[in-house]
1. Of all residues in region 48-65, which are surrounded by 16 or more Cβ atoms within 10 Å (Cβ to Cβ) and aromatic (Phe, Trp, Tyr)?
2. Looking at region 1-12 only, could you name the residues that are farther than 18 Å from GLU106 by Cα and assigned to a helix (DSSP H, G or I)?
3. What is the residue count in region 48-58 for residues that are touching a strand residue (DSSP E or B) at 6+ places or on another chain (Cβ under 8 Å) and part of a loop (DSSP other than H, G, I, E, B)?
4. One residue is enough: does region 79-102 have a residue meeting the conditions open to solvent by 50 Å² or more (accessible area, probe 1.4 Å) and under 20 Å from VAL15 (Cα atoms)?
5. From the residues in region 13-47 that are of a type in the set (Ser, Thr, Tyr) and either touching a His at 6+ places or on another chain (Cβ under 7 Å) or assigned to a helix (DSSP H, G or I) (or both), which one is least open to solvent (accessible area, probe 1.4 Å)?
6. Considering region 110-143 alone, what residues qualify as being modelled with pLDDT of 95 or more, surrounded by fewer than 19 Cβ atoms within 10 Å (Cβ to Cβ) and of a type in the set (Ser, Thr, Tyr)?
7. Kindly list the number of the only condition in (1) touching a residue at least 40 places away in the same chain (Cβ under 8 Å); (2) surrounded by fewer than 18 Cβ atoms within 10 Å (Cβ to Cβ) that fails for PRO10.
8. Give, as residue ranges, the helices (runs of 4 or more DSSP H) completely inside region 77-153 that count at least 3 residues that are basic (Lys, Arg).
Amino acid sequence: AYAIFHDKYPDVRVVCTFIPFSGAEYDLFKSLHIENCIIHTYADEDLMQQLYKNALFYIFPSLYEGFGMPILEAMANKCPVLLANASCFPEIAQNAGLYFDPNDIEEMSYKMSLMIEQPHLREQYINLGWERVHDFTWEKCAAEHRKVYQSLI
């Protein structure tokens, strides 16, 4: 999907954090002619905040996640999120995420293009994300845990 997007927007790079790429992944990037556009870096929390704040968008094409904390981190840093319509993502982001079928590379590429071509849409998702992230506070988390513990007593 990024290779298709890259043909239209050659100056946009992908930054990935955490696990380094495998040899097979590098081979794939090379076969798609995007090996110089995919950046891997190890990032502490400060760097992650800077990446979110300076990103055009955060994209999460995963088919399954336990919760998806990076979605909330992106929203908290006013970064619009593009999400696979899978796993827990619709429950977490609700209307604050722009969704795509994770098995449809054309759709994924199209949704990435929308974030550049329609600045008002990008701004809309930034605002919706900022509102949504406030539904996830540590105070609410503690209160919900307390309810569970009290129900067990």
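The values are calculated or read from the model by the stated rules, or taken from the named source; none is laboratory data. This structure is a prediction, so every number in the text was calculated from the model and none was measured. With ideal geometry, Cβ positions are generated from the backbone for all residues, glycine too; neighbour counts draw on all protein chains shown. Accessible surface is based on the protein model in full, side chains and every heavy atom, while ligands, DNA and RNA are left aside. Shrake-Rupley method; radii C 1.70, N 1.55, O 1.52, S 1.80 Å.
1. TYR52, PHE57, TYR58, PHE60
2. Residues satisfying the conditions do not exist here.
3. Number of matching residues: 2.
4. no
5. Applying the filter and picking the extreme gives SER31.
6. TYR110, SER113
7. (1)
8. Result: 138-152.
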